[in-house]
Every structure is written in structure tokens, then in C-alpha cells.
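S.K.: Please read through the structure below; I'll follow up with questions.
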Amino acid sequence: MRLHLSPEDRAFRDEMRTFFTTSVPQSIRDAVAAHRELTKEQFIEAQRALNAAGLAVPHWPVEWGGRDWTPLQRHIWREEMQLAGVPEPLAFNTSMIGPVIATFGSQEQKERFLPATANLDIWWCQGFSEPDAGSDLASLRTTAVRDGDDWVVNGQKTWTTLGQHADWIFCLVRTDPTAEKRQRGISLLLFPMDTPGVTLRPIELLDGGFEVNEVFFEDVRVPAENLVGEENHGWDYAKFLLGNERVGIARIGSTKRMLIEAKEHARGITVNGAPLSEDPYMTARIAELENELLALELTALRVVANSAGGRPHPASSVLKLRGSELQQAATELLVDIAGPLSVASFADDESDVPEWAQVATPSYLNYRKVSIYGGSNEVQRTIIAGSILGL
């Protein structure tokens, strides 16, 4: 494998680095660097800055705002964005429903939704998981029954991330309960969150935040034209969507940034009269994480080199699995460096505990989710065993 960038790719990297560090408001990048919760307005402002420069959806078809980049250029684009502390374009829009509509949607759906989705004029949320159908998504029970020109939807979704901000939902529903295989009777519908019969209830998380929600559907009428692709083929579109989601889920750049922060904070913490950065155990732990991250980056480059036709490579499951584990390890490292300071998670504004230490524990708790979303790590191991190892 060629491990060095070509002069052209180095120039591309420098172009991306310059844009991300100069064209996205510093206040937003500072909030990301400090692990603060971004407002809806900050997400929108950042994505619109990227979209105006043609950098929000480079992996989409060119006619809908994409760029004819190589897989390596897309990898560089994502990593430099993460290193710069720029909020990534909203995944529900750009990595999930956008590519699905671009690939399987009708021409009318493409024209109606894709420009607004890229510019975050529509904020999408994902209606997949249910109380008894999380990783076993084929067990979903939300139904859609055809009634004239409408589908009538009844059921419940859960863990709907940022649903409180969403304008529309892309929702898996069961349209043929008699299908011989559970996967064959599922369809994908699109509808506004303010449709009569849709109710959203927040779920408080362990870190004290309200990032996810329950969504209930009671006789929700959805126009038939809002069906994506073919009836009862929603499982195919869901697999395509989740494969795209996993490609960017490793977040190598973000983990690199956390390790840089960890080393900086370790230099500022004194233990037994010496900086924590000089503790042999701590230095060995950081070095081990850096080596593991390098191995993951090389795996990502290998996936990039073997991605063709715009389809996710099966090894994206490896990136999701190992990437999520390293993200969690990095947040745990920051908690351990903060030590007793990490218990000041909910300190008041007058506290002299540094902000990074105050957010260390909430970030650690929040990152427990990354081994679950996008297909739990247990499911990824099954995919790896079957699709990659042939077991």
C-alpha cells in the first residue's frame, strides 16, 4: 500500500484544511472542540457554509451537488473536517436518506428533496428502531396500510436522534405482514413530523441530555407518492443506508483530536509532583491507543482503495466496530486524566474546574451509544464473519 499522499492529494488536503479552519465560524468550531452540545442553528449554519462551497455532499451524484472526487479525497475531506472541529454535515441528511433518494427515489422525489436535504432546509430524522426491534430491525411492527391515495401508519419508533429538531422522518414500515420472510414485507416512507397523528416524546439519557426521542404514530396519513422505490423493498434500501452510515462512523479524525487533547491535558495535571504525561503507565496507554488508531486508519485507507461504484465496502463493518471502540477508549482516557475533577460534571458557572474536565464524564457516558447505532457491534461481528471471513 502507498502510504504517502501524492502531490495532488497533498494540495487537496491543504485546500480542505484551509477552508475548514477559515470559512466555518470559530465559535462553532470552539464549541465542537470543547465537546459542547451544538444548537440547531449552529448545525444549520455550519452545513450551509459547506454546501455553499460545494463541500456538504461530495459523495452524492454530481447533478445533485456531489463532487467527482476519488474515494481517497472523500476520506481526506472527512478527516480534515473532524480535525478542524467542524460539525460534519448532518448524517441523517447526507449519509442516510440523501443517498437513498438519489439512488432509489423517483425523479420528482429527487427534485423535491435533494437540494433541500443538502442545504439542511429540511432536517431529517430516522424512524428505524423500535422497542422490540433495535438490532433485529426485521422484527419491526409499525404498519402502513394502503387506503386510496394514502398509506395509514400506526406504531412506534424509539431512539430517534435529534427528532426534536426534525422537519421530516424517513420511516421503515411493515406493508405486507404476510410476507414469507420478514425482510420482504417492509417499505420506506417519507413524511413531515408535524403530520397529524405524530407524537414525539423526549428520552433523558445517562449524561443528562435529551438527544433521543420516542415517536408514536396514530392513523398518520402519508401520500402514496412518498413511498421510496418499490413497495416491500424497504429492507434493501435500509441495508444500503446503513452501509453508507458505517463508512463515516469510524471518526478517525475526531479520535485523533481527542488524543491530542488528552496529551495536552496530561501535561497540565500533576501527580506526585510530576506531570501525568511523564507517568509510564499513562504514556504507554496513550501510545497504545495511537498505534491502534494508526492501524484503523490504514484499514480505512484499504477500504477506500477498494471501494468502487459508490457502494460501501463490506469492511465498513470493521471500521464501525473498531472505530467505535477507539472513540470510547479515548473518552475513557480523558476521564481518567481528569481524575477527581471529572466528577464536577454539573459544576456551576463559577466553578474553577476547567471546562474539559467538566465535560469529560458526560462525553464518556454519551459515547456508550457509538457501539450501538449504525448496527450494534455484535451485529457487525456477524457481518464480518459472514461477508468478509466467509464463516
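S.K.: What are the principal axis extents of the Cα atoms in segment 124-231, in Å, biggest first?
M.R.: In descending order, the Cα extents are 42, 28, 21 Å.
S.K.: Same structure again: Let me know the number of lysine pairs in the chain closer than 27 Å at the Cα, not counting same-chain pairs under 8 apart.
M.R.: So the count of such lysine pairs works out to 19.
S.K.: In Å and whole numbers, how far do the C-alpha atoms of segment 247-388 stretch along each principal axis, longest first?
M.R.: Cα extents, longest axis first: 54, 30, 23 Å.
S.K.: Protein chains only, probe 1.4 Å: how do E355, E180, E288 rank by accessible area, largest first? Before the final figure, lay out the partial values.
M.R.: Numbers: E355 80, E180 185, E288 115 Å².
Final ranking, largest accessible area leading: E180, E288, E355.
S.K.: Between A138 and A287, what length comes free when the chain is fully extended (0.36 nm per residue of separation minus the Cα-Cα distance, one decimal in nm)? Don't skip to the answer; put the middle values down first.
M.R.: On the way: separation 149, 0.36 × 149 = 53.64 nm, distance 4.13 nm.
Here the answer is 49.5 nm.
S.K.: Continuing with the same structure: Would you grab the residues whose amide H sits under 5 Å from the one on E130? Only those 5+ places off in sequence or on another chain, please, with H modelled 1.01 Å from N.
M.R.: Sorted by chain and number, the residues that satisfy this are T158.
S.K.: Leaving ligands, DNA and RNA out of it, report the carbon-plus-sulfur percent of the accessible area of the chain at a 1.4 Å probe. Don't jump to the answer; show the numbers that get you there.
M.R.: On the way: 9420 of 18230 Å².
Carbon plus sulfur share of accessible area: 52 percent.
S.K.: Apply the Karplus curve 6.51 cos²θ - 1.76 cosθ + 1.60, θ = phi - 60°, to the phi angles in segment 219-229 and return the couplings in whole Hz, x for Gly and Pro.
M.R.: Couplings: 6, 7, 8, 10, x, 4, 5, 8, 6, 8, x Hz.
S.K.: Viscosity 0.692 mPa s, temperature 37 °C: give me the Stokes-Einstein translational D for the chain in µm²/s, with Rh taken as the Kirkwood radius over C-alpha pairs.
M.R.: Working: Rh = 22.2 Å.
Result for D is 148 µm²/s.
S.K.: Also: When the helices in the chain are scored as -39500 (n - 2.57) per DSSP H run of 4 or longer and the sum is shared across all residues, what 222 nm value do you end up with, to the nearest 500 deg cm²/dmol?
M.R.: Working: 12 runs with 168 residues, N = 391.
The per-residue figure over the chain is -14000 deg cm²/dmol.
S.K.: For the chain, what are the DSSP H helices with axial Cα length of 27 Å or more and mean Kyte-Doolittle hydropathy of at least 0.5?
M.R.: Details: long enough: 280-305 (37 Å, 0.61); 316-338 (33 Å, 0.34).
Long hydrophobic helices here: 280-305.
S.K.: In the chain, if the dipole is taken from +1 on Lys/Arg beta carbons and -1 on Asp/Glu beta carbons about the Cα centre, which of T178, G148, A315 is farthest to the positive end?
M.R.: Result: A315.
S.K.: Specify which residue in the list F92, V303, L242 is farthest towards the positive end of the charge dipole of the chain, using unit charges on the beta carbon of Lys, Arg (+1) and Asp, Glu (-1), about the Cα centre.
M.R.: It is V303.
S.K.: Here's a follow-up. If I model segment 174-267 as equal point scatterers sitting on the Cα atoms and use the Debye formula, what is log10 I(q)/I(0) at q = 0.13 Å⁻¹?
M.R.: One equal scatterer on each Cα of segment 174-267 leads to -0.75.
S.K.: If you place +1 on the Cβ of every Lys and Arg, -1 on the Cβ of every Asp and Glu, and leave all else neutral, what size is the dipole of the chain about its Cα centre, to the nearest 20 Debye? The partial results should precede the final answer.
M.R.: Values: 37 positive and 54 negative charges, 257 e Å.
Once rounded to the nearest 20, the dipole reads 1240 debye.
The values are calculated or read from the model by the stated rules, or taken from the named source; none is laboratory data. If you're wondering where the values come from, they're calculated on a predicted model, not measured in any experiment. Don't worry about glycine lacking a Cβ; one is built from the backbone with ideal geometry, like all the others, and counts go over all protein chains shown. What goes into the accessible areas is simple: the full protein's heavy atoms, side chains included, and nothing from ligands, DNA or RNA. Shrake-Rupley method; radii C 1.70, N 1.55, O 1.52, S 1.80 Å.
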